Amino acid sequence: MFILISVQDAEFAEEKALLQKPKPVSWKNVLPKRSSLYKLSPFLAEDGLLRMNGRIDECAHVEECTKHPILLPKRHLVTDLIIASVHQKFCHMNHQSTLNEIRRRFYVPALKSVYNRVRDRCQHCKILRAKPEAPEMSGLSVGRLQPFCRPFSYVGIDYFGPMHVVIGRRTEKRWGVLITCLTVRAVHLEVAHSLTTDSCILAIRNFIARRGAPVQIISDRGTNFIGASRELKEALQQVNQDKLMEHFVTTDIEMDVQPSGVTTLRRSLGTPNEILRNTLTEIELTVNSRPLTELPLDDELSQALTPNHLLIGSSDGSKPPIAYDDSSYALKHTWRMSQVYANRFWRRWVDEYLPTLTRRTKWFNRVKPIEEGDIVIIVDETLPRNCWPKSRVVHAIRSKDGQVRRALVQTATGVLERPAVKIAVLDVGANVSTSEQ
């Protein structure tokens, strides 16, 4: 009561002085019209508080404090503390119930806006509302923009599965190894018998034997990929060959696989090992036959460009027969025609497919970069939101355009590297003015 009286003495000193004066017989509202309390018909109660003279005096089902609520200023620390107390009482939720509870005892002008201001400063609510701000979509890497190069020169690799196969009377697990060409968006599928480093190396060796050695491999930070990278680099150093560039990313690779392949793969579960391998090969052909560009409008006989055009010369692998009496001439002519077709397909890739990569599909705006020392929450879809780990940014990795798309964060278990789209920066501490402090 003493605190409330002190607040009213400081904020409504003129109104209190006018209401304390003796009133004439022909009494009327003694407050000037410029007063913020003029329309509230205030009166000075016996307890020394300014209260509002409402219109529900005849109601016998409400308390006296509800009939004549205490008047509080719109901007004052005590008002904010009272609202924050009720806000915490209702567990930072049920906002309409919180407003009703405040109105039962107090009258605050523009209560909703004052309540929203208090909510914006509530640290608990800040944590609940925290969400990652994705930086502007970056430019494409070199591997996505390399025309007239051998397919699968720049690749990304990832695992999917497990899948169950029948061997005799027992059932074993197999994993699929998905390798995608970053340039022509073609895919290559291999079968891995386990998640070990040796199995990963065998899958990569099988890929190299069929598609050739890549210039660059991009993968996530799986333990099998890190172990395979280390062993492959050591093997290349022993034979004095050029090092294979392998880059690790903090997010899953964008694998361009259509749902048809996934549906076909689900039907193969519980089948023998050879049927699984055949199914993966058929899926590989189906996915590589998908169009990269739209159908030409000027020529109805022309086909849309597909990854198979750059891999095997046609969409489905069919080639027209060529019959010549001279075998040497046929071989020479076929080789030249294959080079002409390859250059034609690459020219179509540059003219038709490459311009479609220019436009950004999401993340259009620049955001405030993550800075070292920020307190953040790491988004983990496998855990409930209230169980997401909190951490501190120890190093922000900036791109060429100044945006931070990766950061090293210190957690309770160690230092992790996470993408910016998985990091939510917390606004710790309320922004209050010096007078309120």
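The values are calculated or read from the model by the stated rules, or taken from the named source; none is laboratory data. Remember, it's a predicted structure, so these values are computed and weren't measured experimentally. Cβ sites come from the backbone with ideal geometry, for glycine too, and all protein chains shown count toward neighbours. Just so you know, the surface numbers come from the protein's heavy atoms only, side chains and all, with ligands and any DNA or RNA stripped out. Shrake-Rupley method; radii C 1.70, N 1.55, O 1.52, S 1.80 Å.
Of all residues being touching a residue at least 24 places away in the same chain (Cβ under 8 Å) and polar (S, T, N, Q) in segment 348-365, which is surrounded by the fewest Cβ atoms within 10 Å (Cβ to Cβ)? Just the residue, please.
Across segment 348-365, the extreme among qualifying residues is THR361.
Out of the residues in segment 115-155 meeting the condition of being in contact with a Lys or Arg (Cβ under 6 Å, 6 or more places away or on another chain) and open to solvent by less than 40 Å² (accessible area, probe 1.4 Å), tell me which one is farthest from ILE423 (Cα to Cα).
Only one residue tops the list, namely PHE152.
Just checking: which of the helices (runs of 4 or more DSSP H) contained wholly in segment 1-103 hold 1 or more residues that are open to solvent by 40 Å² or more (accessible area, probe 1.4 Å) and at pLDDT below 80?
64-67
Taking into account only those residues within segment 110-137 that are outside any helix (DSSP H, G or I) and more than 15 Å from the chain's Cα centre (by Cα), which is nearest to PHE364 (Cα to Cα)?
Applying the filter and picking the extreme gives CYS122.
Report, by residue number, each residue of segment 167-191 that is of a type in the set (Val, Ile, Thr) and open to solvent by 50 Å² or more (accessible area, probe 1.4 Å).
Correct list: THR171 only.
Hey, does segment 247-262 have a residue that's outside any helix (DSSP H, G or I), at pLDDT 70 or above, acidic (Asp, Glu) and surrounded by fewer than 14 Cβ atoms within 10 Å (Cβ to Cβ)? Spell out the reasoning first.
Within segment 247-262, the subset outside any helix (DSSP H, G or I) is 247-258.
Among the residues that remain, those that are also at pLDDT 70 or above are: none.
No - not one qualifying residue is present in segment 247-262.
Would you confirm, using the coordinates I've provided, whether PRO389 is without any contact (Cβ under 8 Å) to a residue 60 or more places away in the chain, under 30 Å from ARG117 (Cα atoms) and not hydrophobic (A, V, I, L, M, F, W, C)?
Yes.
Only one of (1) over 27 Å from ARG385 (Cα atoms); (2) touching a helix residue (DSSP H, G or I) at 6+ places or on another chain (Cβ under 6 Å) fails for ARG119. Which number is that?
It is condition (1) that ARG119 fails.
For every residue, the table says whether it meets (1) part of a loop (DSSP other than H, G, I, E, B); (2) modelled with pLDDT of 90 or more; (3) out of contact with any Asp or Glu (no Cβ under 8 Å at 6 or more places or on another chain).
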position: LEU178; (1), (2), (3): no, yes, no
position: THR183; (1), (2), (3): yes, no, yes
position: LEU195; (1), (2), (3): yes, yes, yes
position: ALA203; (1), (2), (3): no, yes, no
position: ASN206; (1), (2), (3): no, yes, no
position: ALA213; (1), (2), (3): yes, no, yes
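Among the numbered criteria (1) modelled with pLDDT of 75 or more; (2) outside any helix (DSSP H, G or I); (3) open to solvent by 30 Å² or more (accessible area, probe 1.4 Å), which one does THR293 miss?
Only one criterion in (1) modelled with pLDDT of 75 or more; (2) outside any helix (DSSP H, G or I); (3) open to solvent by 30 Å² or more (accessible area, probe 1.4 Å) is unmet by THR293, namely (3).
Given the conditions (1) surrounded by 19 or more Cβ atoms within 10 Å (Cβ to Cβ); (2) within 29 Å of SER289 (Cβ to Cβ), which single one is not true for ASP158?
Status for ASP158: all satisfied but (1).
Hey, among LYS400, LYS422, LYS390, LYS368, which residue is within 14 Å of the chain's Cα centre (by Cα) and open to solvent by 50 Å² or more (accessible area, probe 1.4 Å)? Walk me through how you get there before you give the answer.
Values: LYS400 fails: within 14 Å of the chain's Cα centre (by Cα); LYS390 fails: within 14 Å of the chain's Cα centre (by Cα); LYS368 fails: within 14 Å of the chain's Cα centre (by Cα).
After ruling out the rest, the residue left standing is LYS422.
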